[in-house]
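Each reported figure results from applying straightforward, stated rules to the coordinates on display, with no laboratory input. Since the model is a prediction, treat every value here as computed from it, not as a measurement. Don't worry about glycine lacking a Cβ; one is built from the backbone with ideal geometry, like all the others, and counts go over all protein chains shown.
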Amino acid sequence: MNYRVEVTESAERDAHEAFAWIAADSPNNAQRWFDALFAAIQSLESFPTRCAVAPESEVVGEEIRQLLFGNYRVLFVVRDDTVFVLHVRHGARRPMVTEEIDLP
């Protein structure tokens, strides 16, 4: 089964902020990182439940999964045949709390 992958505005914003942070040090690496990030996100169209359940699931009360991408975590939920990408967070940051998570 193939899933449709939808990237939320919050996740887009997170990715662009990370891109800007990386680009401040290395613009070429930032573009490669950004392209690879979205290729990894697109890979969620096949078997998204291969990814581990994220710690945020406990506080939200809904199954949120995480795709690990280098030092970043891509947080998402699977609903029916759609994967909603919620956020892109650096792995060193603390887990999100309910108020920070934008569920579709």
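Computed extension length for residue 2-residue 28: 6.1 nm, one decimal, from 0.36 nm per residue of separation with the Cα-Cα distance subtracted. A Cβ-based charge dipole, computed about the Cα centre of the stretch 4-93 with Lys and Arg at +1 and Asp and Glu at -1, lands at about 280 debye. Over all other residues within a Cβ to Cβ distance under 15 Å of residue 66, the charged ones net out to 0, with Lys and Arg as +1 and Asp and Glu as -1. Hey, of [x] -0.26, -0.50, -1.10; [y] -0.39, -0.63, -0.99; [z] -0.29, -0.57, -1.16, which did the structure itself give for log10 I(q)/I(0) by the Debye sum over Cα atoms at q = 0.10, 0.14, 0.21 Å⁻¹ when calculated? Computing log10 I(q)/I(0) by the Debye sum over Cα atoms at q = 0.10, 0.14, 0.21 Å⁻¹ and matching it to [x] -0.26, -0.50, -1.10; [y] -0.39, -0.63, -0.99; [z] -0.29, -0.57, -1.16 gives [x]. Remark: the Cα gyration tensor places the stretch 15-54 in the prolate category, a/c being 1.5 or greater and a/b exceeding b/c. Considering only 80, 35, 14, the mean-square fluctuation computed in a Gaussian network model of the chain, springs between alpha carbons under 10 angstrom, is largest for 80.
For the chain, which trypsin sites (Lys or Arg not before Pro) are in a loop by DSSP, counting at most 12 other Cβ atoms within 10 Å?
Details: sites: 4, 13, 32, 50, 65, 73, 79, 89, 93; in loops: 93.
Passing sites in the chain are 93.
Note on the stretch 15-37 and the stretch 44-104: Cα centroid distance 21 Å, given to the nearest whole angstrom.
A Förster distance of 25 Å, applied to the separation of the beta-carbon atoms of residue 17 and residue 49, puts the FRET efficiency at 0.35. Computed from the C-beta positions of residue 79 and residue 99 and an R0 of 30 Å, the FRET efficiency is 0.90 to the nearest 0.05. With both residues required to sit in the chain, DSSP beta bridges show an antiparallel share near 80%.
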